[in-house]
Amino acid sequence: MARRAEELARSFVTGGTLFEELGFYYVGPIDGHNLDHLLPVLKNIRDSKETGPILIHAVTEKGHGYLSAEQAEDKWQQRCEIRTVVTGAQAKSTPKAPQYTTVFAKSLIKEAEKDERIIAITAAMPSGTGLNLFGDKFPKRTFDVGIAEQHAVTFARASPPKA
């Protein structure tokens, strides 16, 4: 029993053993930005005789090597046209109607001004959802749970914290 506990504890430190215990052939961690290392690993896996699921643990950094994306906390999450590659300035069409996120944020703020029980919960995309505007107005009633949508739902179900 002690030996099994030691193996389990070691698997949490090394990573691979845990996935192998779950039936995955584990490869990694690999620097996902080093193509000279990554491509041969992918080719070896493609050509391997493994028949079960294969988990490739590639470590990457959002926007790696592109300063505009590295510095933008919540931008560059989807494809967009770029006007200037050097600065990262985006080409945007002239909207004919107000943006949905702005309408949503203004409506939520209007309701929150009347009801102090209203809070905003976002999963790491405040400006993409318009909740950054709500957060500017009500910082103690705005919560960013990071990239954890399941936690956001659970957090929303809990009693609201006292401001």
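The values are calculated or read from the model by the stated rules, or taken from the named source; none is laboratory data. Worth saying up front: this structure is predicted, and the values here are computed from it rather than measured. FYI the Cβ positions are ideal-geometry reconstructions off the backbone, even for glycines, and counts take in every protein chain you see.
Restricting attention to region 105-127, the residues that are more than 19 Å from residue 157 (Cα to Cα), among the small types (Gly, Ala, Ser) and surrounded by 15 or more Cβ atoms within 10 Å (Cβ to Cβ) total 2. Taken over region 105-150, residues that are of a type outside the set (A, V, I, L, M) and under 20 Å from residue 62 (Cβ atoms) amount to 9. Within region 128-145, if we keep just the residues that are among the small types (Gly, Ala, Ser) and under 22 Å from residue 157 (Cα atoms), the residue that is surrounded by the most Cβ atoms within 10 Å (Cβ to Cβ) turns out to be 130.
Out of region 146-160, which residues are hydroxyl-bearing (Ser, Thr, Tyr) and at pLDDT below 85? Result: 159, single match. The set of residues in region 123-138 being at pLDDT 90 or above and among the β-branched types (Val, Ile, Thr) is empty.
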